[in-house]
Every structure is written in structure tokens, then in C-alpha cells.
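Participant: Have a look at the structure that comes next, please.
The values are calculated or read from the model by the stated rules, or taken from the named source; none is laboratory data. Nothing here was measured: the structure is a model prediction, and the numbers come from that model. With ideal geometry, Cβ positions are generated from the backbone for all residues, glycine too; neighbour counts draw on all protein chains shown.
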Amino acid sequence: MTDAVADTEAGHPDRPNHFVRDIIRADVAGGQVNTVVTRFPPEPNGYLHIGHAKSICLNFGMAEEFGGQCNLRMDDTNPTKEEEEYIEAIQRDINWLGFDWGGKTLFASDYFETLYQWAEHLIETGKAYVDDLSPEEMRAYRGTLTEPGKDSPYRTRPVAENLDLFRRMRAGEFADGARVLRAKIDMASGNINMRDPVLYRILNAHHPRTGDTWHIYPTYDFAHGQSDAIEGVSHSLCTLEFADHRPLYNWLIENLPTPSTPVQYEFARLNLTYTVMSKRRLKQLVDDGHVSGWDDPRMPTMSGLRRRGVPPEAIRDFAQRVGVARADSTVEYSFLESCVRERLNKVAPRYMAVLRPLKVVITNYPEGEEEWLEAVNNPEDESAGTRSVPFSRELYIERDDFMEDPPKKFFRLAPGREVRLRYAFFLKCNDVVKDEAGEIVELHCTYDPETRGGNAPDGRKVKATLHWVSAGHAGRAIVRMYDHLFTKEAPDAEGDFLSTINPDSLTVLDDARLEPEAMKAVVGSAVQFERMGYFCADPDSRPDRPVFNLTMTLKDTWKKIQAKGG
């Protein structure tokens with residue numbers, strides 16, 4: 001047994017086993033692979049989303065587990081859709097997840113000259129040709145799943161003519177789409193990907209890294225496997241949609257003078273309810289203004305999840321728990337939420353915040369006086385200690401915590417009823433003050449000074465404990481309440497996914513009142529507002545007016561709402 005195999009078997013007993021780990025372990029143990037090299041090859045045409053996180057965790061995780069390396073390689077073969085902004089966002093997101101690729105980002109464009117020379121090699125060996133068919137004609141010649149394709153009339157061009165045309169394509173002599181380079185394989189193959197696939201197309205476009213040097217660009221199928229071979233990738237881990245491309249991946253490796261022979265393996269991609277995972281659709285949401293940007297907290301992008309307050313540890317835990325399988329499946333969004341709650345419950349400090357304030361005047365509390373009560377910062381972490389919370393004659397409570405005419409099962413504050421104030425005293429409502437429109441604007445209550453700390457000496461009980469803030473000490477904040485961006489579990493299944501956008505996915509509360517310590521939250525930090533949920537301080541915050549984004553509620557309320565038809 002090699003050291004790498006021994007380490008993975010002994011050092012990570014908590015990691016669930018899966019077929020990719022079994023394959024790599026067997027390859028290392030059998031000596032077929034000396035150094036495990038994986039890669040994560042995103043196209044920089046958008047921001048990474050939660051689906052990419054699964055692939056990132058798998059590729060980087062396997063390399064780390066077996067003492068190898070994982071390359072970050074940008075698949076920059078389509079200059080019309082790629083931007084430096086996306087490259088920087090991808091790097092930032094992977095770092096945020098906690099992974100390192102050795103400091104050097106690789107690019108498919110690093111290998112353009114080598115790829116070109118290999119394309120000429122295929123031409124010289126009679127295994128590639130320049131085709132003049134239009135895209136429409138090419139589709140017609142390709143055939144169907146049940147009918148074979150037919151050869152292009154240009155398939156028999158002499159090698160010398162193909163080389164001449166290909167070199168002139170490189171020199172920029174032809175218009176976009178005028179010609180392509182195709183592999184010469186089998187137009188009758190049952191796998192349509194093997195029916196003389198396109199290897200190069202003409203694209204007279206400026207490339208962010210190579211400028212105007214190139215007028216032709218390799219397709220993903222041609223650049224992918226060959227880049228793997230150049231980098232010495234041992235295990236090329238792809239999602240299932242590339243399974244039908246594996247024969248072409250292997251054919252190209254077999255017919256080119258590559259320095260290594262990587263092997264492709266496919267695993268199931270991550271599908272999540274109430275979410276779309278297509279970068280094209282996500283870009284449409286951004287471009288059409290349905291969200292504020294790629295980092296909108298309602299987006300499933302890494303940037304959006306980070307801004308919403310989802311910790312990277314929870315995403316890695318989620319990816320591990322979802323596992324690695326060979327068959328596609330859809331994961332409930334609530335499963336991701338449970339991983340997030342589990343993490344935040346351990347680390348998020350607790351504060352009191354009243355999101356929809358209703359004023360309370362304690363008529364028997366001395367005017368002008370105040371006292372400071374001890375509150376626990378995190379009951380899950382004794383080392384987090386305690387803080388002092390101010391208490392005074394005038395407070396704010398949550399408007400939903402009071403009803404003038406409560407139903408039978410409403411146990412919170414009501415006229416003549418007594419409740420407990422968190423960390424403080426028992427409070428009893430005596431009078432209700434309304435404005436001219438009949439809206440409740442203030443409650444007049446009394447408190448029992450003998451119940452400090454929340455317990456009555458005479459043993460009387462109350463059925464509800466409310467959070468609150470001292471009106472004279474509270475700061476004002478903006479709180480953004482988020483819900484699912486889509487109302488349907490499978491937005492794509494509706495035909496027009498935009499028709500399932502949830503009109504109530506964002507509610508802005510601009511008069512929330514927070515206890516003094518909560519106003520000090522650092523941008524990006526996670527907090528729990530007691531009874532309300534987990535929140536994250538947003539970059540839009542100002543010292544005098546912080547902005548908090550709802551990460552998620554303390555419990556899964558979505559299913560309850562849906563069950564009621566809400």
C-alpha cells in the first residue's frame with residue numbers, strides 16, 4: 001500500500017466513499033498513477049454557481065487527499081463571451097471555498113500553438129480535413145440518432161490542399177464561419193459526437209490574452225483533452241453530459257503525439273430545487289434586470305451565496321454530503337439550508353433585532369433610568385462569552401408579536417396578557433394606543449421588577465418569550481428579507497423559466513431597530529437575530545445605517561407556506 005492510499009484510508013474516516021475515490025485509490029495502489037493530477041476547467045463566461053462547487057470540491061479534494069495537485073485552467077477558447085471580470089471572480093470564489101491551485105492560473109490559450117501543430121498533425125496523417133459546408137448543410141449531413149450521416153463532399157480533399165486552407169484560415173484570409181476543420185472519423189457512428197466533429201472554427205475576434213494573433217480557435221472537445229495531456233492530468237473528472245464525448249476524448253489522445261494519456265471519468269452534476277444552474281440563464285437574469293447582479297443574494301452563484309452569508313465550510317460540507325454518484329438526481333434546497341444552519345448555529349453571535357418595530361412604553365418604569373442586562377453571545381459556544389444589553393422605559397417589540405384580538409393558539413402579547421422579555425422581565429399589556437386611522441402605534445405596559453432574568457419568584461409561568469430592543473439605545477438598520485427566486489421546484493420544466501420568478505423574493509425593511517452591539521457587525525460577518533434568522537452584514541452598509549441580508553430563517557418555513565398554498 002502506498003503512502004497516499006494509506007493516508008486517505010486512515011486520515012479521513014469521516015468522508016463518505018464514492019466511485020471516483022475507489023478508482024483513484026486503485027490506480028495509485030496498482031502503480032498506474034504516480035502523482036494524482038486533477039483540474040477544474042471553467043469557461044470564463046460567467047460567475048461560478050453552487051453546481052460548480054461540487055466539481056471544485058471533488059477535483060481539489062481528490063488531489064489534496066492523494067497528495068497530488070489540482071490545476072485551475074480557464075477554458076478561454078471563445079473570446080466573444082469571455083471577460084477578465086469572470087476570470088477574477090472564478091479565482092476569488094475558489095479561494096473563498098478554501099482551495100489553492102499553487103498560485104498559477106493556467107489557460108487553454110497557453111497551448112494554442114501546440115494545439116494548432118497537433119491539428120496539422122491530424123491533417124498530415126489523413127485524419128482531419130477542411131470543410132466548406134455551411135452550418136445548416138453540416139447539420140443536414142450529420143444525420144439523426146436513428147439515421148447515419150453522410151460524408152461531406154470536401155472529406156476527400158488532398159492533404160496538401162487541407163494544409164494550405166488551414167494555414168490560410170489561421171492567417172485570417174476567410175470570413176467567420178466560412179470554413180471549419182473537422183476530424184475524419186465515422187459519419188455512420190451511433191455516437192453523433194464521432195461523426196466528423198469540428199475541431200477548429202474561424203472567429204476573427206480579439207482575445208483577452210492573445211489579442212489579434214489568432215483568427216481560428218479550437219473547440220472545447222479539441223482543447224479539453226489535449227490540455228489535460230499537456231498538463232499531465234491523471235484523472236479528468238467531468239459531469240455526465242460529457243460521457244458521450246469520452247470516445248472523442250480518447251480518439252484524439254490516441255491519434256495525437258500527446259505527452260501523457262489522461263483518462264476521463266464522469267459523475268452526476270448537482271441539481272438543486274428552486275434553482276437554475278445554466279450560466280446562460282443566470283446571465284439572462286442579470287442582463288434583463290431580474291436581479292441586481294451576479295452577486296445578488298438570491299442568485300445561486302458563489303458570489304451571491306457569499307453575499308447572502310452562506311459560509312464556505314457549509315458549502316464544502318454540503319458537497320460532501322450530497323456525494324458523488326453516476327446518475328443525475330435533484331437535491332432539495334432545504335438540504336443546503338440545513339448544512340448552513342448547522343454551521344452558523346455554532347459560530348454566529350446572537351443579537352436582538354426588531355425588524356418591524358412596535359413601540360412599548362413601560363408605565364411603571366422610572367423615566368430617565370436605564371439598566372444593563374447580561375445576554376449570552378452564543379449558547380453553542382461558551383467561549384463566546386456574554387454582552388450587556390440596555391433596558392429602559394421605552395422599548396420596541398416585533399409588531400407580529402402583538403395581537404389585539406388573538407386567536408386561541410396565539411400565546412404572545414395581547415391586552416391583559418403577560419409575556420417574558422428575553423434576558424429581562426415579565427411584561428404585561430394594559431392599553432393600546434391607535435392613530436386616527438385606527439392603526440396600533442404604541443402599547444402601554446407594566447413590568448414586574450421581581451422577574452429580572454426571566455423567572456417569577458412566585459412560580460407563575462408565561463407561554464411566550466419575546467425579543468426586544470431599548471428604543472433610546474437602538475440603532476436603525478435596513479434588512480433585506482429573501483425568499484426563493486423561483487416559485488417552482490423545477491423552473492426549467494415550465495418552459496419559460498422567467499414565468500416562475502417569485503415576485504416576493506425580496507422584501508426590504510428600512511426601519512429595523514438593533515441593539516447597540518449588533519450595529520458593530522463587520523461587513524461579511526454572520527449573525528443570528530434571535531427568533532428571526534441568520535443574517536449577514538452587506539457591503540452596502542454604512543456605520544450609521546448597516547444593511548443586513550437574510551441568510552435563512554431558523555427553520556424551514558418554505559415547505560409550510562407551500563403546503564398551505566401560499
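Participant: Given the residues Asp400, Asp405, which is the only one that is free of Cβ contacts under 8 Å to residues at least 24 places away in the same chain, surrounded by fewer than 12 Cβ atoms within 10 Å (Cβ to Cβ) and among the acidic types (Asp, Glu)?
Facilitator: From the options Asp400, Asp405, the qualifying one is Asp405.
Participant: Exactly one of (1) farther than 14 Å from Gly309 by Cβ; (2) not in a strand (DSSP E or B) is unmet by Pro539. Its number?
Facilitator: Looking at each condition in turn, Pro539 falls short on (1).
Participant: Sticking with this structure for a sec: When you go through (1) over 33 Å from the mean Cα position of the chain (by Cα); (2) surrounded by 22 or more Cβ atoms within 10 Å (Cβ to Cβ); (3) aliphatic (A, V, I, L, M) one by one for Ile202, which number turns out not to apply?
Facilitator: (2)
Participant: Further, regarding this structure: Based on this model, can you work out whether Ala160 counts as assigned by TED's automatic domain parsing to the domain that holds Thr213, hydrophobic (A, V, I, L, M, F, W, C) and under 44 Å from the mean Cα position of the chain (by Cα)?
Facilitator: So Ala160 does not fit the description; no.
Participant: Counting just the residues of the range 240-299 that are of a type in the set (Gly, Ala, Ser) and closer than 20 Å to Thr551 by Cα, which one comes out farthest from the chain's Cα centre (by Cα)?
Facilitator: Out of the qualifying residues, it is Ser292.
Participant: With the requirement that a residue be of a type in the set (A, V, I, L, M), out of contact with any His (no Cβ under 7 Å at 6 or more places or on another chain) and more than 24 Å from Cys70 (Cα to Cα), what does the range 229-287 give you?
Facilitator: Leu272, Val276, Leu285, Val286
Participant: Among the listed residues Asn162, Asn204, identify the single one that is outside any loop (DSSP other than H, G, I, E, B) and touching a residue at least 24 places away in the same chain (Cβ under 8 Å).
Facilitator: Result of the check over Asn162, Asn204: Asn162.
Participant: Can I ask one more? Exactly one condition in (1) in contact (Cβ under 8 Å) with a residue 40 or more places away in the chain; (2) part of a strand (DSSP E or B); (3) of a type in the set (D, E, K, R) is not met by Arg209; state its number.
Facilitator: All conditions are met except number (2).
Participant: Further question: Exactly one condition in (1) surrounded by 21 or more Cβ atoms within 10 Å (Cβ to Cβ); (2) acidic (Asp, Glu); (3) in contact with a helix residue (DSSP H, G or I) (Cβ under 6 Å, 6 or more places away or on another chain) is not met by Glu82; state its number.
Facilitator: The one condition Glu82 does not meet is (3).
Participant: Can you tell me which residue in the range 81-139 is farthest from Asn255 (Cα to Cα), limited to those that are of a type in the set (A, V, I, L, M, F, W, C) and in a loop (DSSP other than H, G, I, E, B)?
Facilitator: Phe99
Participant: Now for a different question. For the range 425-480, which fully contained strands (runs of 3 or more DSSP E) count at least 1 residues that are without any contact (Cβ under 8 Å) to a residue 40 or more places away in the chain and surrounded by fewer than 20 Cβ atoms within 10 Å (Cβ to Cβ)?
Facilitator: Filter on the range 425-480 gives 426-434, 440-448.
Participant: Sticking with this structure for a sec: Between a first residue in the range 299-321 that is more than 15 Å from Val523 (Cβ to Cβ) and at pLDDT 95 or above and a second residue that is among the aromatic types (Phe, Trp, Tyr) and crowded, with 24+ Cβ neighbours inside 10 Å, which pairs have beta carbons less than 6 Å apart while being 6 or more apart in sequence or on different chains?
Facilitator: From residues that are more than 15 Å from Val523 (Cβ to Cβ) and at pLDDT 95 or above, the pairs are Thr301/Tyr47.
Participant: What are the pairs, 6+ residues apart or on separate chains, where a residue within the range 260-283 that is acidic (Asp, Glu) has its Cβ under 7 Å from a residue that is not in a strand (DSSP E or B)?
Facilitator: Matching pairs, first to second residue: Glu266/Leu240; Glu266/Phe242; Glu266/Ala243.
Participant: Still on this structure, I have one more. Output the number of residues of the range 481-501 satisfying the condition of being in a loop (DSSP other than H, G, I, E, B) and buried (at least 16 other Cβ atoms within 10 Å of the Cβ).
Facilitator: Count: 6.
Participant: I would also like to ask the following. For residues that are β-branched (Val, Ile, Thr) and in a strand (DSSP E or B), tally how many sit in the range 228-266.
Facilitator: Residues flagged as β-branched (Val, Ile, Thr) and in a strand (DSSP E or B) within the range 228-266 amount to 2.
Participant: So which helices (runs of 4 or more DSSP H) are wholly in the range 282-395 and hold at least 1 residues that are among the small types (Gly, Ala, Ser), surrounded by 21 or more Cβ atoms within 10 Å (Cβ to Cβ) and in contact with a Lys or Arg (Cβ under 6 Å, 6 or more places away or on another chain)?
Facilitator: Per the criteria, 312-322.
For (1) hydrophobic (A, V, I, L, M, F, W, C); (2) crowded, with 18+ Cβ neighbours inside 10 Å; (3) in contact (Cβ under 8 Å) with a residue 60 or more places away in the chain; (4) out of contact with any His (no Cβ under 6 Å at 6 or more places or on another chain), each residue gets a yes or a no:
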residue: Arg168; (1), (2), (3), (4): no, no, no, yes
residue: Asp176; (1), (2), (3), (4): no, no, no, yes
residue: Ile192; (1), (2), (3), (4): yes, no, no, yes
residue: Tyr217; (1), (2), (3), (4): no, yes, yes, yes
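Participant: Could you go through the range 295-305 and let me know if any residue there is of a type in the set (D, E, K, R) and either closer than 22 Å to Ala63 by Cα or out of contact with any Gly (no Cβ under 8 Å at 6 or more places or on another chain) (or both).
Facilitator: no
Participant: Moving on. For the range 507-522, name all the residues that are surrounded by 18 or more Cβ atoms within 10 Å (Cβ to Cβ) and either part of a loop (DSSP other than H, G, I, E, B) or out of contact with any strand residue (DSSP E or B) (no Cβ under 6 Å at 6 or more places or on another chain) (or both).
Facilitator: Glu515, Ala521
Results for (1) under 20 Å from Leu427 (Cα atoms); (2) among the polar types (S, T, N, Q), shown as yes or no for each residue.
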site	(1), (2)
Ile362	yes, no
Glu370	yes, no
Asn378	no, yes
Asp381	no, no
Gly385	no, no
Pro390	yes, no
Leu395	yes, no
Arg399	yes, no
Pro406	yes, no
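Participant: Any residue at all in the range 385-393 that is in contact with a Gly (Cβ under 9 Å, 6 or more places away or on another chain), in contact (Cβ under 8 Å) with a residue 40 or more places away in the chain and under 22 Å from Arg452 (Cα atoms)?
Facilitator: Scanning the range 385-393, I find at least one residue that is in contact with a Gly (Cβ under 9 Å, 6 or more places away or on another chain), in contact (Cβ under 8 Å) with a residue 40 or more places away in the chain and under 22 Å from Arg452 (Cα atoms), so the answer is yes.
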